[in-house]
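Let me begin by presenting the structure, written as structure tokens, before commenting on it.
The values are calculated or read from the model by the stated rules, or taken from the named source; none is laboratory data. Just so we're clear, the structure is a prediction, and the values are computed from it rather than from any experiment. Don't worry about glycine lacking a Cβ; one is built from the backbone with ideal geometry, like all the others, and counts go over all protein chains shown. What goes into the accessible areas is simple: the full protein's heavy atoms, side chains included, and nothing from ligands, DNA or RNA. Shrake-Rupley method; radii C 1.70, N 1.55, O 1.52, S 1.80 Å.
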Amino acid sequence: MTRARVLAIALVVAVVVGVIGGVLFLLHGRSQAGRVAHSARVTAPPGALAAVRLLFAADGRKALTPELSSALSPGVKRLFPAGSRFSPAMRSWQQSGVYANVTGIVREPGIAPVRAEIGLVSRRGRWLVTFEGAL
């Protein structure tokens, strides 16, 4: 075999190995990216997020546990000014048994945004707010 032919075969083998390695690298990178993107999307259960949204709505009191609701003045329905909202931080949901909390930003009209934590409890398949406080 001539030297040129050996070099040509070695070059073809190197290219094939490089292409296979590149494909494997891309597939592995794509599966890792998929896992990261999926974990970034994993958030609180939909019922818990609904309770947090309700907390900032006109009937916010309905989101509270009966114990917390009884500690408030009778007749108070709206707990936050109209236009207030809570933006949960990515991957801030933490749960232990029936208790959980989520952190994020509370925005009230005319007031600087504040980092806050909202505590929840699951009772009879429904999430209820146990507390809300600035961090």
Accessible surface of S87 - all protein chains present, 1.4 Å probe, nearest 10 Å²:
40
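Tell me, what is the FRET efficiency for S69 and S92 to the nearest 0.05, using R0 = 30 angstrom and their Cβ-Cβ distance as r? Kindly include the intermediate steps, with their values, before the conclusion.
Values: r = 25 Å, r/R0 = 0.83.
That gives a FRET efficiency of 0.75.
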For A89, the residues 5 or more places away or on another chain with a placed amide H closer than 5 Å to its own amide H are T103, G104, I105
Solvent-accessible area per residue, Å², over the stretch 38-135 with all protein chains present [probe radius 1.4 Å]:
60
Starting at the first residue of the stretch 113-128, write each ³J(HN,Hα) from the Karplus equation 6.51 cos²θ - 1.76 cosθ + 1.60 with θ = phi - 60°, in whole Hz, x for Gly and Pro.
x, 10, 6, 8, 10, 10, x, 9, 9, 9, 10, 6, x, 10, 7, 10
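May I ask for the Kirkwood hydrodynamic radius of the stretch 92-135, worked out over all distinct Cα pairs and given in angstroms to one decimal?
Numbers: mean 1/r = 0.0891 Å⁻¹.
Roughly 11.2 Å, rounded to one decimal.
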Rounded, prolate or oblate, given the Cα gyration tensor of the stretch 64-131, with a/c below 1.5 counting as rounded?
oblate
Counting only protein heavy atoms, what percent of the accessible surface of the stretch 66-114 is carbon or sulfur at a 1.4 Å probe?
58
Which order do I105, I118, I111 take when ranked by solvent-accessible area (1.4 Å probe, heavy atoms of all protein chains), largest first?
I111, I105, I118
